[in-house]
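Enquirer: Below: one structure in structure tokens.
Nothing in this text is a laboratory measurement; each read-out follows from the coordinates by a stated rule. All of these numbers come straight from a predicted model, not from anything done at the bench. Note: ideal-geometry Cβ built from the backbone for every residue, glycine included; neighbour counts use all protein chains shown.
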Amino acid sequence: MKKVGVYICHCGTNIGGKVDCARVAEELGAEMEHVAVSRHYKYMCSEPGQKMIRDDIAELGLDYVVEASCSPKMHEPTFRNAVSQAGMNQYNFEMVNIREHCSWVLEDEEAATHKAKDLVRGAISRVVHHQPLKGSTTSVNPKVLVLGAGIAGITAAIKIANAGYQVYLVEREEIIGGKMAQFDKTFPTLDCSGCILTPKTSEVGRHPNIEILTKSEIMEVTGFVGNFNVRVLQKPRYVSLETCTGCGDCEEVCPIDVSSPFELGMTTRHPISRPFPQAIPNKYSIMRAGMPPCQAACPAGVNVQGYMTLAGVGRFDQALTLIRERMPFASVCGRICVRPCEDACKRGQIDAPSAICYTKRFLGDRDRELGLEQNPPLKERREEKVAVIGSGPSGLSAAYFLTLEGYQVTIFEKLPVMGGMLAVGIPDYRLPRDVLDHEIRNVLNMGVQVKTGVTFGKDITFDSLDQDGFKAVYLATGLHVNRRLNVEGEDLDGVGGGVEMLRNYTLGEEVKIGKTAVVIGGGNVALDVARSAIRLGAETVVLACLESREEMPAWEREIEEGLEEGLILHNSWGPTRFLGENGKISGVEFKRCTSVFDESGRFNPAYDESECMELKCDTVLVAIGQSSDGDIIGGLGLELAPGGRIAADPDTLATSRPGVFCGGDGMLGPATFVQAVSHGRQAALSIHHYIEHGGLRPVEMKERPVDKDLKESERVRAKPVERGRMPMLAPEERKHSFDAIELGFTEEMAKAEGQRCLSCGICCQCGECVRKCGPQAIDLSEKEKIRDLDVGAIVVATGVDIFDAKQYPEYGFGKYPDVITNLQFERLCNASGPTSGRVVRPSNGEVPQSVVFIQCVGSRDPAKGKEYCSKVCCMVSAKQLSIFKHHNPDGQAYVFYIDNRTGGKGYEEFLRRAIEEENAQYIRGRVAKVFEEGGRLVVRGENSLAGGPVEVEADLVVLATGLTAQQDYMNVSRALNLATDKNGFFIELHPKLGPVETSLSGIYLAGAAQGPKDIPESVAQGGAAAGEVLTLFSIGQVEIEPTTAQLNERLCTGCKTCEGLCAYDAISFSEQTKLAVINAALCQGCGTCAAACPAAAIAVAHYTPDQIFAQIEGILA
Amino acid sequence: MNRFEPRIIAFLCNWCSYVAADAAGVARLTQLPNVRVIRVNCSGMVDPSYVMKAFADGADGVLIGGCHPGDCHYISGNIKTLRRSFLLKSLLRELGVEDGRFRLEWIAASEGPRYAKVVNEMVEEIRSLGPYVPPQRRSAKGAA
């Protein structure tokens, strides 16, 4: 017969005050079979209590032990240890929680006793089904990851590293030191924070066992105590830690100033900088928020923020070179681009977007006027030849980028002129010939060969190009054939294609336009055709299209300008037939178009046949779209996409024929100029990779774009400059000629426009620092990296954030410059701070005479702030007023406080000195309001000791802001699976006995991440965490719990239900046995598989169905 | 005192809900005395048969407590519990177990007050439903 020993703990009066422990022990001892002994004792966890159990096991030969007391989270290890010492397997022990779950939460003694009895009965009933289990051991990887490099993390790191173990110190910021690096002096000794911290940071910096990972955050943690794998995201510094000498040359040429986060916005910094001269790592790094929205929106990826910034400081040559890294045609693009950049520009959320395109046009035009040819440097000349078919924007761009790469490029063009649609599709008033020719010449002057009048498919073929030694071909043949309407009378004399008309005009061929012209189509080409018809002498030009005015795909600006020039619009009409007299066009009949697109958004026009209209005319120009030359395309032997265009990979532009790439309109369908240029560059990259390495190139990872919504930090960067207006010809002047309408920006306008940029990406990657840097330490193309680190233990020392004082608008923080937080005050007194240590009013730089400190801003205020006391603020204010008095002995300090909480060695004495020697006036009471009156701040509050309201005039108001959990604590909590309290502070294993351990073995806490702490406490915890880690490393082995899933092979049907459920890939299916196989080393014992197994073939050891069933039966008996 | 005192079995996961129950105890949050806790590693290990067993043996209600979705110590065990709970509920309905008698709740380690609230709510609800009587016994009663 099995023998169970039952022990009920009184826990002093904690349990015994509510639960009749003696009765529970006696009644269960009498009622239940198997119970060999049933006792109760005041403190079971004490040595006499444990000895009682050990003795019983030895003397009575107990097989099982049930002990009822506190939570097993507290003392299960204690009792498991006790039974093991007496020779019993620890898994034959079961613990019952009758304190947290019973005596502490129940009011009625009878009910508590009843509940305790049920719970213990369940455990007795269960324990006899327990099996002795033995865990295996595994060795500990003696490396540690310390997360957060404030004083707590630094302390832990140094201690562990000094003991000879490898430490990875992972820090989110660019330097280590945490909040302490921002402090001026420390209480209660008033010694300088820097003087005690910097020796520590420099020790970390040069310690052979510590690797610092700055700008890094943890993403994911797997594994368990002794063997964790931590995935770390390392953001780019852009400046090499190895090569940077810290000389500071880069900083001098940086054109951007942004608010300094380290100085809490009290001064600015350049994006390339370092927070303070003694920082560790003592190297520069670049602040970059991500890809700015303008650049992200640009299909060609032109660095808009970069050239706008350079234009803003008048560095026009560099600005143009930057454009030409991605866009060979600044002048052309500045005139005809659809400007997705300006749509995305965040300045548009304040007033109007930056005039990006006009500025770019200015830069290109300036280059032409000054006769400069600012291009990026050419790489070494290569022997390989590449053929480009078509000299439109896409073909020219491909030639340009391939030439930059060193290739010998020949362009083959069917028409006698170069430029494709730029030349023959866009009228001169929008894009003058000389502007286009200059930019084409710029490409040709780099060494590109051209053969015009050559038709691909007739004069040359893939094979002939092959024979002539071309290694790759880029097909950019565009769309030059007019789409037809296919309605009656389309072949009448006087009906023509719009694109043909534009092309014929450009090529100097005869163009016949009558007195009354009807243009059919609603896109930009239709507008170009219509406005050209006006210029060619038509007296009346009517534009009719299916779309309503709002739906028209043409730009609003183009439509407006057309209307100014006398264009007549007829919206929502579709042509039914062309009317003719003697074979000549005489009019067009239309029917009402009721909708253009169907419900799923496809082009599928619907008409109202009953509503018709007829327009008299002598010329019709159809501009409803273009297609490629089907005869040529079809005969190439390339795979085609639906719609008859050449099929190509959207990223690499590779076609079905190796070495042949295709892009631009010919691949996309009707697209924009800037997309064509983008394709040219993508093709060049692909061809370079194809020739250099064979095969297709990998697609580049794009930089993460910044948030689309305007942030406060960006709004404050907006300089009060209005968007420049483009000087234009008057409608009357422009109507009769093809002269350019837009006259261009002046130098001053371009500069002003550049200064309107909000620097959304922070660093604009203009490259000024790269060119300046002597040791060439800067790499702007650096990308985020992922590091996988294997460690045995993790110390979480992520610290605290500062409460956002704007939650108390009545204190005027953010409204009055002389209302600051106490952390800002630290920077004001700090010798390396924004004022070099002079305590002055931020508003005017004068020394304040009266300073008011307001306590508990965000602390001890469950209504608006946090419920808890932030613990340090009373001492911080006492310290800060003392520093103020040392700076200005004639000044007066006031403190509005709730209670003074200055427990700590030497703390209360320090406070007394602040009151008695520094004559600070402490006023007990809350502040109602801070307001301005006659140029001074007034603090109105109550004096709860004297009774009644009080007003104090202040030159400077310092808010003693509370400490809060880091804003992104959830990221750390999720990655580690670490529990937090409701305020976001991490929960320690036990509030008294396990202050640095957590419920996850191998993960330890240090510093204020666990709750608000001052420096000495944080240091103590850092040391304690190091002690825990070193204990683990010293033991060198961890026991793996044997509570893993076990398979009963006789019951397994091989259904594979479990296989897909396991989150750890611990279950596989054996093809030989046709059964599931459980890998115990990977199994974490969650039991999902067991619950799901339809054959009940899986059970988790120590949590088997018979055990749980017995417990249920026992409880409900 | 004839008030009906329901008996409720609570399966609480070791990492979130059990810790919340402990936290409720540490904070001395008064609870009705009707819940009996069985600690499991993960809510995902609660085999539906455990719930059926509890009702069969005379429980008037069953609570399963797990970590919030996304916070499961075992990555996604709680989601699997959730997926199973729908079928389990309809099965329980067949057995005459009203919806209010079975609850699946996400209770984080920091949510001691929520645990106490869930316990008290559930006891009150089941009190209003009265004792759970399995169908056979019910029909037997009807015959008598």
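Enquirer: R0 = 35 Å: FRET efficiency of A:I898 with A:S202, Cβ-based, nearest 0.05?
Expert: After rounding to 0.05, the efficiency reads 0.30.
Enquirer: Would you mind checking A:K42/A:K134; A:K185/A:K905; A:K18/A:K42 for any pair whose Cα atoms are more than 23 angstrom apart?
Expert: A:K42/A:K134
Enquirer: Got a sec to turn the phi values of the stretch A:755-767 into Karplus ³J(HN,Hα) couplings, 6.51 cos²θ - 1.76 cosθ + 1.60 with θ = phi - 60°, whole Hz, x for Gly and Pro?
Expert: My calculation for the stretch A:755-767 gives 6, 6, 4, 8, 6, 4, x, 6, 4, 9, 6, 6, x Hz in order.
Enquirer: Can you give the average number of partner chain beta-carbon atoms within 10 Å of each beta-carbon in peptide A:1080-1088, as a whole number?
Expert: 6
Enquirer: Right, next: Check each of the trypsin sites (Lys or Arg not before Pro) in the stretch A:422-473 and keep only those in coil by DSSP with at most 14 other C-beta atoms within 10 angstrom; list them in order.
Expert: Within the stretch A:422-473, the qualifying trypsin sites (Lys or Arg not before Pro) (loop, at most 14 other Cβ atoms within 10 Å) are A:K458.
Enquirer: 5 Å is the cut-off here: which amide hydrogens, built 1.01 Å from N in the peptide plane, fall below it relative to A:I411, excluding neighbours closer than 5 in sequence?
Expert: Residues meeting the criterion, in which the H sits 1.01 Å from N, are A:V388, A:Q449, A:V450, A:K451.
Enquirer: So how tilted is helix A:1015-1035 from the main axis of chain A? Cα-based, degrees 0 to 90, rounded to 10.
Expert: Approximately 80 degrees, to the nearest 10.
Enquirer: Using the Karplus curve 6.51 cos²θ - 1.76 cosθ + 1.60 with θ = phi - 60°, what ³J(HN,Hα) values do you get for each residue of the stretch A:928-934, in whole Hz, with x for Gly and Pro?
Expert: 8, 6, 10, 9, 9, 8, x
Enquirer: Calculate, in nm to one decimal, what A:T222 and A:T1053 gain on full extension: separation in residues at 0.36 nm each, minus their alpha carbon distance.
Expert: Here the segment from A:T222 to A:T1053 would lengthen by 296.1 nm.
Enquirer: Quote the FRET efficiency, to the nearest 0.05, computed for B:E94 versus B:D57 with a Förster distance R0 of 22 Å and r equal to the Cβ-Cβ distance.
Expert: Taking R0 as 22 Å, the efficiency between B:E94 and B:D57 is 0.75.
Enquirer: Let me ask something else. When only Cα pairs under 8 Å and 6 or more residues apart are kept, what is the percent relative contact order across the stretch B:8-143?
Expert: Dividing the mean separation by the residue count of the stretch B:8-143 yields 35 percent.
Enquirer: What is the set of long-range amide H partners of B:I38 at a cut-off below 5 Å, with H atoms built 1.01 Å from backbone N?
Expert: Residues meeting the amide H criterion: B:A10, B:F11, B:L12.
Enquirer: Dividing the convex hull volume of the alpha carbon atoms of the protein assembly as shown by its residue count, what do you get in Å³ per residue?
Expert: Spread over its residues, the Cα hull of the protein assembly as shown gives 262 Å³ apiece.
Enquirer: Please determine, in degrees from 0 to 90 and to the nearest 10, the orientation of helix A:21-31 with respect to the longest principal axis defined by the Cα atoms of chain A, where the helix direction is its Cα long axis.
Expert: 90 degrees
Enquirer: Right, next: How many Cβ atoms of partner chains, on average, are near each residue of A:103-109 if near means within 10 Å of its Cβ?
Expert: Mean shielding by partner chains, rounded to a whole number: 5.
Enquirer: Show log10 I(q)/I(0) for the stretch B:8-143 at q = 0.11, 0.17, 0.18 Å⁻¹, two decimals, from a solvent-free Debye sum over equal Cα scatterers.
Expert: -0.38, -0.87, -0.96
Enquirer: Could you give the angle, 0 to 90 degrees to the nearest 10, between helix A:193-206's Cα long axis and the longest principal axis of the Cα atoms of chain A?
Expert: For helix A:193-206, the angle is close to 80 degrees.
Enquirer: While we're on this one: Please identify the GluC sites (Glu not before Pro) of the stretch A:355-386 that satisfy two criteria: DSSP loop assignment and at most 12 other Cβ atoms within 10 Å. Which are they?
Expert: A:E380, A:E383
Enquirer: Sorted by packing (mean other beta-carbon atoms within 10 Å per residue), highest first, where do B:14-24, A:188-198 land?
Expert: B:14-24, A:188-198
Enquirer: Moving on to the next point. Hey, what's the Kirkwood Rh for the stretch A:91-220 if you take every pair of different alpha carbons, in angstrom?
Expert: 19.5 Å
Enquirer: Let me ask something else about it. Using θ = phi - 60° and the Karplus relation 6.51 cos²θ - 1.76 cosθ + 1.60, list the HN-Hα couplings for the stretch A:684-689 in order, rounded to whole Hz, with x at every Gly or Pro.
Expert: 4, 4, 5, 5, 4, 5
Enquirer: Give the residue list of GluC sites (Glu not before Pro) in the stretch A:229-334 that are DSSP loop and have at most 11 other beta-carbon atoms within 10 angstrom.
Expert: A:E242
Enquirer: Per the Cauchy relation, a quarter of the hull surface: what is the mean projected area of the convex hull of the alpha carbons in the stretch A:846-918, in nm²?
Expert: Taking the Cα atoms of the stretch A:846-918, their convex hull projects to 5.3 nm² on average.
Enquirer: Right, here's the next one. Output the peptides B:34-45, A:228-239, A:633-644 sorted from most to least packed, where packing is the average of other Cβ atoms within 10 Å over each peptide's residues.
Expert: B:34-45, A:228-239, A:633-644
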